[in-house]
Amino acid sequence: MINVDDLWHSYSHDKDYALKNVSFEISKGEALGFLGPSGAGKSTTQGILTGLLPLQKGKAVVGGYDISKPAREMFNRIGVSFEQSNVYGKLTALENLEFYRKLFDVPTADPRSLLKWVGLEKVINKRAEEFSKGMKHRLTFVRSMLNDPDIWFLDEPTTGLDPAIAGQIKDIIKEKKAGGTTIFLTTHNMYVADEICDRVAFIVDGEIKLIDSPRNLKIKYGERLVDVEFIDEGSLQQASFSLKDEKERNALLDVINTKKIETMHTREATLEQIFIRVTGRELAA
Amino acid sequence: MEKNRTRSFFKKILLVTARDVKVDLRQAMALYMLLAPFLLALILRAFIPAAGNTTLNTAIIKDADTALILYLEQYASVEKGLEDEDALKSRISKTDDIFGVIGEADGSFRIIEQGNETEGSRQLLEFLLAGYSSASLPGAGGAEIKISELGWKVSPLRQYGASFLVLFMSMIGGMLIALNLIEEKMYNTIAALNVAPIAKSHIVTGKAIPGFILPVIHGFGTLLILGYSSVDFAKVTVVLLSVAMISVIIGFTAGVTSSEPISGIASMKSVFIPIAASIFGAIFLNEKWHVLLFWSPYYWAFKSMDGILLQTAGWAEIIRNTTIILALACIVFILLGKKIRRGLA
Ligand SMILES: Nc1ncnc2c1ncn2[C@@H]1O[C@H](COP(=O)(O)OP(=O)(O)OP(=O)(O)O)[C@@H](O)[C@H]1O
Ligand SMILES: [Mg+2]
């Protein structure tokens, strides 16, 4: 559904590249997560693939449309949710969606039920300028679903939302994915990527370092960890120990033998930890 | 299929227009701009006593000719019963707009004025009195007095003021275009439009439409408020649509180059000076200096409007002036078009 080959991009049209040799593909019904720290080039990639940024170098085909000469009608099949919410403040939630839906030449979803889906049913007739940040974000998100897109671009769909709402959004994405929607998802939240994506791409400084499924990554790079909470000199301490590393195993034994243990859990390495191991960089912004 | 596509793109263009208008109606600044021309026209009308129905005020001494009083009362308000010429003079010296009329023994009239009276009223009064004299001579035919509203050539404030207001206010459409574009940029809603199946040219067309319709609505409203109900509105429309071109081009330019509303309005305001200069130039400069104003579309538009209001302009003249305006608009577009296209990308 999406084929990207050797994409380069420089905002300043010089050697200062925001994207370097980015190549990947997403097959029909697949969800690819773009995982990377702030400034890595995630939004830049989405911008190029949705025609908002010019294609400078490389090749990109989205849903059969060559992005170097984008056709307007391709947007009947594409949905784009933006990192920063962008809705009309002077229009109500419903008016925002009603306006946008009429731009499509294909059947569209009922705005009211979409708004209900993201918990905005009580404010459909309220102007978006009165919305909180999270409400605007949800409105931006549901707008991208109006045409029931085959290909869905989601730039940070859950960032900045409270956990309950983020969970709702995640469920909606999963449901759409189950329905066969192809998804390009950008995030620096590894839990979202882990839960939704068939494959994740680690991107740092404009370069893709690795693409694989979360499961493979965990098998390949993962290690079991033990988290321990213990009392040391009267105060509660916390530490994690890898079971792979001998030094850490001994340190863990030392803690068990000499300190008063409060809690102890084993867990798998997270995508975040794998990301740090592979790229040497933190994910968090 | 073709028909469907045509219908769908008209639909989308009008959708963009409707959204912009809806937002204008919900924004205090835009709403004010929509209403301003009518308010200004009403204010202007309040300053023009002779607009529409005449309110020519006269005063007359106690023992003046009754026939004269009856005659004047048909056309003007007449204050009677002043004792003598001195009383009349002191009455006239008050600040209001009033003329004294004294009938001389030889049948002629003397008009007493203070100098603060509305220009044109005096001509009207002379005209009325001349009409009375000829009517009272047997056979001279009172039918000569034809009270044509335009024939009076009253207040230049009304005549020039109307043209000035109509042309000046044609910029409002462009200002609203700029404001709407700036809003789309500030909130990046333009990006959402750019990933929807609507062509950029349709977005631009949809946003341009109010810039053409508003000057016509504003122009008609202003003229009607100022009492010009019998001018040729087809000609007015042609003039307004042509100057709207310029306002629309400038509106788009201000919209794409400004990042917030205040600077957008400010950059539009800079156009006011050339507009005002060309109109005042056309009014006050000697004809031989008018060549200095030929570069300005507003000069040609003013000439057209003036001719239309005086009902002296024929279609040939209107079309000639309009062609010049459109040619100048093309030059403006050549200068600014690239900037607009780049800004919209
Ligand atoms: N409009 C722009 N003009 C110039 N440089 C830009 C622009 N947008 C992004 N950049 C630069 O390009 C690089 C990649 O930015 P991008 O927005 O793609 O990152 P991102 O991975 O989406 O980050 P985040 O997680 O913060 O959204 C950054 O170095 C950024 O500073
Ligand atoms: Mg981003």
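The values are calculated or read from the model by the stated rules, or taken from the named source; none is laboratory data. Since this is a predicted model, take the numbers as computed values, not measurements. Note: ideal-geometry Cβ built from the backbone for every residue, glycine included; neighbour counts use all protein chains shown. Heavy atoms of the whole protein, side chains included, go into the accessibility calculation; ligands, DNA and RNA do not. Shrake-Rupley method; radii C 1.70, N 1.55, O 1.52, S 1.80 Å.
If I go through region A:257-285 residue by residue, how many of them are within 16 Å of ligand 1 (Cβ to nearest atom) and not in a helix (DSSP H, G or I)?
Qualifying residue count for the region: 5.
Which members of region A:97-116 meet the condition of being more than 9 Å from chain B (Cβ to nearest Cβ) and either in contact with a Pro (Cβ under 9 Å, 6 or more places away or on another chain) or under 25 Å from A:Thr50 (Cα atoms) (or both)?
Scanning region A:97-116 gives A:Leu97, A:Glu98, A:Arg101, A:Pro107, A:Thr108, A:Ala109, A:Asp110, A:Pro111, A:Leu114, A:Leu115.
Among the candidates A:Gly39, A:Gly89, A:Gly119, single out the residue that is part of a loop (DSSP other than H, G, I, E, B), over 21 Å from A:Thr181 (Cα atoms) and modelled with pLDDT of 95 or more.
Answer to the selection: A:Gly89.
Is there a residue in region B:294-309 that is open to solvent by 30 Å² or more (accessible area, probe 1.4 Å) and modelled with pLDDT under 90?
Within region B:294-309 (the criterion being open to solvent by 30 Å² or more (accessible area, probe 1.4 Å) and modelled with pLDDT under 90), the answer is no, since none of the residues qualifies.
Looking at region A:33-47 only, could you name the residues that are buried (at least 22 other Cβ atoms within 10 Å of the Cβ) and away from chain B (no Cβ under 14 Å)?
A:Gly33, A:Phe34, A:Leu35, A:Gly36, A:Ala40, A:Gly41, A:Lys42, A:Thr45, listed by residue number.
Conditions: (1) within 14 Å of another protein chain (Cβ to nearest Cβ); (2) open to solvent by 10 Å² or more (accessible area, probe 1.4 Å); (3) in contact (Cβ under 8 Å) with a residue 24 or more places away in the chain; (4) within 16 Å of ligand 1 (Cβ to nearest atom). A:Thr50 meets all but one. Number of the miss?
(2)
Considering A:Gly64, A:Gly89, which residue is open to solvent by 40 Å² or more (accessible area, probe 1.4 Å), touching a helix residue (DSSP H, G or I) at 6+ places or on another chain (Cβ under 9 Å) and away from ligand 1 (no atom under 16 Å from the Cβ)?
After ruling out the rest, the residue left standing is A:Gly64.
Conditions: (1) in contact (Cβ under 8 Å) with a residue 40 or more places away in the chain; (2) surrounded by 12 or more Cβ atoms within 10 Å (Cβ to Cβ). A:Arg267 meets all but one. Number of the miss?
(2)
So B:Ile340 ticks every box in (1) buried (at least 18 other Cβ atoms within 10 Å of the Cβ); (2) closer than 15 Å to B:Val243 by Cβ; (3) in contact (Cβ under 8 Å) with a residue 24 or more places away in the chain but one. Which box is left unticked?
Exception for B:Ile340: condition (2).
Any idea how many residues of region A:74-86 are within 8 Å of chain B (Cβ to nearest Cβ) and either within 14 Å of A:Leu114 (Cβ to Cβ) or assigned to a strand (DSSP E or B) (or both)?
Total satisfying the criteria: 2.
Can you tell me which residues in region B:155-188 are closer than 15 Å to B:Val21 by Cα and either open to solvent by 10 Å² or more (accessible area, probe 1.4 Å) or not polar (S, T, N, Q) (or both)?
The answer is B:Ile172, B:Gly173, B:Gly174, B:Met175, B:Leu176, B:Ile177, B:Ala178, B:Leu179, B:Leu181, B:Ile182, B:Glu183, B:Glu184.
Which residue out of A:Asp254, A:Asp198, A:Asp194, A:Asp212 is at pLDDT 90 or above, more than 16 Å from ligand 1 (Cβ to nearest atom) and touching a helix residue (DSSP H, G or I) at 6+ places or on another chain (Cβ under 8 Å)?
One residue alone meets the criteria, A:Asp212.
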